[in-house]
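Read the figures in this text as sums done on the coordinates, not as results from a lab. Just so we're clear, the structure is a prediction, and the values are computed from it rather than from any experiment. Methodologically, a virtual Cβ is constructed for each residue, glycine included, from the backbone with ideal geometry; neighbour enumeration extends over all protein chains shown.
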Amino acid sequence: MPIIDKLEAFVREVGQVDPDDPEFTRETDLWDMGYLDSNGVVELIVFIESEFGVEVPEEALFDPDFTRLSGIARVVEDLVATPRPV
Amino acid sequence: MIARRFITDQLWVDGRPATVAAGHAEDALALVSAATGHFAIHLETPEGHVLARDPLGVNKLFFTIDRGTVRSANYLHDLLDDGATLDRVWSVPSGHAVVIDPDARSYALHKHHALRFDDSDTGELEDDLVDAVRARLDVVFAGIAAIAAGRPVYVCMSGGMDSTGVAVMARRWLGDVTAVTFALAEEQERRAGAGGPPDDLATARRLSADLGMPLLEVVRPGDAILATLDDVLRFGQDWRDFNVHCGLVNEALARAIAADAHGRGDGRPLVLTGDTMNELMADYTPVVYRGATFYDLPRLPTAKLRRFLVGGLDSGDREVGIFGHHGIDVVQPYALCADAYAAVPAGALGNPRVKQALARAVFGDAVPEYVYARPKVRAQAASEEVGGTLGLLADRGIHGAGLAARFARLLHVQPDELRGFIRAGFYRFTTTYPGSQE
């Protein structure tokens, strides 16, 4: 399954997003629209790290990309492509 | 460079207080990389401004860049009062330093400290770990003794295990220390009618007598506590329930300590607290009060939670900021031992008895058995019946979004502007040059 599909499925579950919610897209600002809060993003980070075997740096929290599914997927793709030294 | 700084830096190298001298940026970065403590520094060097914060972010540091001038402050409201807008204010994240050259519009974020948690599955606490914690506490208290000489020293005593451990060490290393404890007057009256003082107060009295420490009892009615809410929001730099509830207790303690120390004519008072231990041991749970759940946490196993709880110390100023505006310095000894406590294996954290097991191994019978035997104590939620400062606010419908709105009003910003200012426990920071207000 592509990275973005996995992320979307997870965010839909954590944010209890209605399957028919027209506001929820891959370009929706998840923070502004209330789909993600601080607890939710922590759960998302742990999911990403466990699912994709990467470490999400703190810098991601305020990365403008890390507000939308499409951007989060890009961040994860970059992390997968260039793993940080542990 | 304009720095509005009110909080004393406790910057230590090799266990001893150190000072930051003017020099080059790389010298400053080398120093903070070798340092522990609670600090938030802003230096001007030939390479630009160096701003750095301690490993856990105990001391807060905000900055803005205005027409080539880098302004920093411990308190967010100071920058706003000076004309900055909230969207142009950034924090230096905990354990990081930034180097800013406004002329070249360059900005570099350096991570100078990263806690290394033991993520192994073992549930055992090895002797080496206990020895390391004990040794680290000794180093830390030797350092505290160096900065405490000649000053009135207080230790916050809730009657719980964490604060008792600090009190035991303080008595051993510092000698003349005053314990200070908090109770709501209404709860004291209610318990007095039932035949005795509140459990926390009774334990603090017994403990201070056993440790040979005078006890400053801070018993305040709810209305008096509520009247301090705006100060708690402003100087506690947070609107979230948990930190506000803790901040209300600390504000009462700070006022009492400031008054008590005033007559002594000594140096700036120093307060030691047991804070940070709960984060280091991931010892938090949501609290249900009258059917409502407070202090929600991410739905994660305890072992995974620790890193985020510790990271979350980056935001909120429930101790240093609250005490600081009364001219009181704070040291959190456990925060200074974070490296040692981070070695507790993740597999052990799921065991509800592990914290007590570690405390027993470290402090032994210096902590009385009746303290080990007590149920968990939280000063901000003293009992289910009265609810401490949690109940005080919750009963009046002051929580959640209401606190955020009140915080925003105090800072003259819109509540919407707060969205995104704290994420996953971090104040907003930037990884690129943030621009200016011109």
Over all Cα pairs of the range B:286-348, how is the pair count split among 10 Å bins, expressed in % and running from 0 up to the last occupied bin?
-> 16, 35, 35, 14, 0
Using only the alpha carbons, work out the radius of gyration and Dmax of chain B in angstrom.
-> 21.2, 70
Could you tell me, in Å, what Rg and Dmax come out for the Cα atoms of the range B:22-172?
-> 19.3, 56
Computed on Cα atoms only, the convex hull of the range B:269-308 has an orientation-averaged projected area in nm² of 4.3
Taking every pair of Cα atoms in the range B:315-371, average 1/r, invert it to obtain the Kirkwood radius, and report Rg/Rh to two decimals.
-> 1.09
Which of the lysines could a cross-linker bridge to B:K111, judged by Cα under 30 Å and excluding same-chain residues fewer than eight apart?
-> B:K60, B:K304, B:K355
Treating the angle as unsigned and between 0 and 90°, give the value, to the nearest 10°, between the Cα long axis of helix B:354-363 and the longest Cα principal axis of chain B.
-> 90
Would you kindly calculate the mean projected area, averaged across all directions, of the convex hull enclosing the Cα atoms of the range A:42-86, in square nanometres?
-> 3.0
So the FRET efficiency between A:E55 and B:D339, C-beta based with R0 = 22 Å and rounded to 0.05, is 0.70
For chain B, calculated [θ]222 nm from helices alone, where every DSSP H run of n ≥ 4 adds -39500 (n - 2.57) | -11000 deg cm²/dmol
Working out 0.36 nm times the residue gap between B:A34 and B:A405, then minus their Cα-Cα distance, what length gain in nm do you get to one decimal?
-> 129.5 nm
Given N residues in the range B:114-195, what is Rg(Cα) / (2.2 N^0.38 Å)?
-> 1.53
Within the P(r) computed for the range B:1-92, what percentage of the Cα pairs occupies the region above 18 Å?
-> 43
For the range B:261-367, the Debye formula with one identical point scatterer on each Cα and no solvent gives log10 I(q)/I(0) at q = 0.21, 0.23 Å⁻¹ as -1.18, -1.28
Sorting A:F66, B:F421 on the 10 Å Cβ count, fewest up front, what's the list?
-> B:F421, A:F66
Can you give the translational diffusion coefficient of the protein assembly as shown in µm²/s, computed by Stokes-Einstein from the Kirkwood radius over Cα pairs at 10 °C and 1.306 mPa s?
-> 66
Using eta = 0.890 mPa s and T = 25 °C, Stokes-Einstein with Kirkwood Rh from Cα pairs puts D for the range B:231-324, in µm² s⁻¹, at 165
Calculate the spin-label point distance for B:T85 paired with B:Y433, positioning each point 7 Å from the Cα along the beta-carbon direction, and give it in nanometres.
-> 2.1
Seen from all sides and averaged, what is the projected area of the convex hull of the Cα atoms in the range B:170-294, in nm²?
-> 10.0
Using only C-alpha atoms and all pairs of different ones, pull out the Kirkwood radius for chain A in Å with one decimal.
-> 13.0
